[in-house]
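Below: the structure, in structure tokens.
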């Protein structure tokens, strides 16, 4: 793997037209994620979190502003296979097996799947789905499908990982487990990660820095540095300092 | 096992009743032969069948392949370039609405050999599969498409990885519905176009001989072929669908192939295209002027030529007979469908027993069914009505039932939670909820109603447009043949558009789409 790339967002502005009215989705959003860092983007529903992520992937045209991924424009970066992505819904293709779904980004990027079989096997093991390689999505539980999506996001050996509420549909217990897994994966791969979430504890547990957004218009109001040492253990969830951080973020979210 | 046996009970009872009625000549003094008599006749005729069946299979098979190939390619084109869908809108609706019986004589005049049969079979297949392809390609999970694009995927990669495979179940179910249509189209062309072999030709040759058992034998053979072709594709699509049901679906907005015409120019192009195709068809095939009439020829014949007033008179007289009965038949068919949907909502058991019989009447090719109905019902208005009801009620029933089934459970249970009776619940929730579907049913069954009436007029009652078409064929009055064909297609399209207009208005008022 080459040296991980960082994410630089500067001055993103976006206005939607809906029912004849203009809705300002993003106003002057700037965020810098250094290479190898873990950044969480948190905010209420509809504040434009996902729009930022889609814009960073080149899926959403912007009115103004610049996105750079490792110094490249988003389209160039995605086409070069620099990025990996997992959405809120696993969005698996129902006719493809677990292994084939994980291989999809390789096929889209035009890379050979054959030589990567070993890597795909390792990723399936990494997310704890050994033995289910040939299962179809319909035969898996929601949590398993989400883990397939995480493995798929990593298959292209990305330097930058975008996660859009990847655990939003999971129950609290599974979510904690997946948070710990994700931290391990991040530590092992050193991939620059931008996590969109509305779970305050998830953001504080995982991130180096939490960017807090407010809606109407969507904007970043504060960036909080999270000082806890790594690796972070599950016991952190009950640490008073952890709760102090969470309370502060909740305060900012509620406009305090 | 026991449950499976019980499923056969209605068939067994019906068969026994049929046998008794036939043996005792209970229905229309022997017009309904007993199954054993039909079988005996079939056995006597067994040497005739293979060549007729083979000819029909060839024509419908070739038409099926051709029509579907064009339909899938057209569907792809319409999805990739939505502007083409808008331009082709008029042509698509015309193909959907054209009564095959009206253009069968024209095809027989202008094409040779097996071609008219293949073309009519292909026309019967095209719309269903094209629509299924468009729906299948449009209803993909937008998030999987995002995923492909998030890895730098282009429009082509989304098509390749997400849409094509995702459309497969829809396309296959299109094939399933289209397969009996191909058989119906081929038999209609055989019937209306001469030629020695084919079940339609066999039927035509046997009509005058007053042998109900043979007519039934041919009719049931045709039904069997149509039914088997449906079953084959039902089995294939069940296999393909089985494992890969979508887990979650976040459907992308589905543009319909016959959606609103966009822009004046595209709308105008869509109006002109069917006439261009008509004219191009004549030029490309070098059809002699005497046989092939251009749009201008038809206009001239009907409005400017010496006998125009007389031609108009005959046409209007025919219309005055055909239109009221079409409206009446349509209303009756929809009422039956609605009553059936409601009763199946209230007592599912009844419907389960009834549906298999309804299904058989649906796969039975109409031309084969009509002579049998004439034997039983005579040549009056009753037979026309009966045929019209039988071609309209089933599709309408399926649609309205679908509508009723889509009412959210919670909405249905709300009146029940306040102690409402099933009837009241139906009146408060289910009926209003199914209104859009009733209109959709009207829109899709109007052309079938006109087809049913015209077939009945041609074969049974000797009145109206169907008879005018048949007479003109006899007199080799080619201008009138073209005129009737054009007028019936225009009528069908007109009704379709009207129903759609009303549907949109009602939906808007109800706050729907």
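For the pair residue B:405 and residue A:243, label points projected 7 Å from Cα toward Cβ lie 5.3 nm apart. Listed by Cβ neighbour count within 10 Å, with the fewest neighbours leading, A:230, A:54, B:473 appear as A:230, B:473, A:54. Using the average count of surrounding beta-carbon atoms within 10 Å as a protection proxy, the listed peptides A:152-159, A:119-126, B:137-144 rank, highest first, as A:152-159, B:137-144, A:119-126. On the principal axes of its alpha-carbon atoms, chain B has extents of 65, 60, 43 Å, going from largest to smallest. Taking every residue in B:140-149 and counting other chain Cβ atoms within 10 Å of its Cβ, the average works out to 6.
Listed from fewest to most Cβ neighbours within 10 Å, the set B:418, B:397 follows the order B:418, B:397. Geometric descriptor of the protein assembly as shown, per residue, is 215 Å³ (volume of the convex hull of the Cα atoms).
Provide the gained length on full extension for the span residue B:305 to residue B:421, in nm with one decimal, where the gain is 0.36 nm per separating residue minus the Cα-Cα distance.
Working: separation 116, 0.36 × 116 = 41.76 nm, distance 6.51 nm.
Working it through step by step, the gained length comes to 35.2 nm.
Within the protein assembly as shown, what percent of beta bridges assigned by DSSP are antiparallel, to the nearest 5?
Values: 22 of 41 bridges.
Antiparallel bridges: around 55 percent, rounded to the nearest 5.
Segment A:138-168 and segment B:143-175 have Cα centres separated by 20 Å. Given R0 = 35 Å, the distance between the Cβ atoms of residue A:32 and residue B:240 translates into a calculated FRET efficiency of 0.10. Each distinct pair of alpha carbons in segment B:293-513 adds a 1/r term; the inverse of their mean, the Kirkwood radius, is 19.3 Å.
Taking chain A as a Gaussian network of alpha-carbon nodes connected by springs under 10 Å, the highest mean-square fluctuation of the residues A:21, A:245, A:100 belongs to A:21.
Within 10 Å of each Cβ of A:104-110, how many other protein chain Cβ atoms are there on average? Show your work: numbers first, answer last.
Numbers: counts 7, 6, 1, 6, 12, 4, 4.
What the average comes to for A:104-110 is 6.
Entry note: segment B:1-148 has Rg to Rh equal to 1.16, where both radii use alpha-carbon atoms and Rh is the Kirkwood radius. Annotation: the residues A:171, B:25, sorted from fewest to most other C-beta atoms within 10 Å of their own C-beta, follow the order A:171, B:25. Segment residue B:289..residue B:346, full-extension length gain: 14.6 nm, with 0.36 nm per residue of separation and the alpha-carbon distance subtracted. Using alpha-carbon positions, what is the distance between the centroids of segment B:480-513 and segment B:74-119, in Å? Computed from Cα coordinates, the inter-centre distance equals 18 Å. Our summary gives chain A a relative contact order of 27 percent, counting only alpha carbon pairs under 8 angstrom and 6 or more residues apart. Can you figure out the FRET efficiency of residue A:233 with residue A:139, using R₀ = 45 Å and their beta-carbon distance, to the nearest 0.05? Computed FRET efficiency for residue A:233 and residue A:139: 0.85.
In the elastic network of chain A, a GNM with C-alpha springs shorter than 10 Å, the most mobile of A:161, A:41, A:31 is A:31. For residue B:164 and residue B:51, a Förster radius of 35 Å and the Cβ-Cβ distance give a FRET efficiency of 0.30, rounded to the nearest 0.05. Taking 0.890 mPa s as the viscosity and 25 °C as the temperature, the Stokes-Einstein diffusion coefficient of segment B:435-491 based on its alpha-carbon Kirkwood radius rounds to 201 µm²/s.
FYI, it's all coordinate maths here, none of it is from the lab. On a predicted model such as this, the values are computed, not experimentally measured, just so you know. Ideal geometry is used to build each Cβ from the backbone, glycine not excepted, and the neighbour counts take in all protein chains shown.
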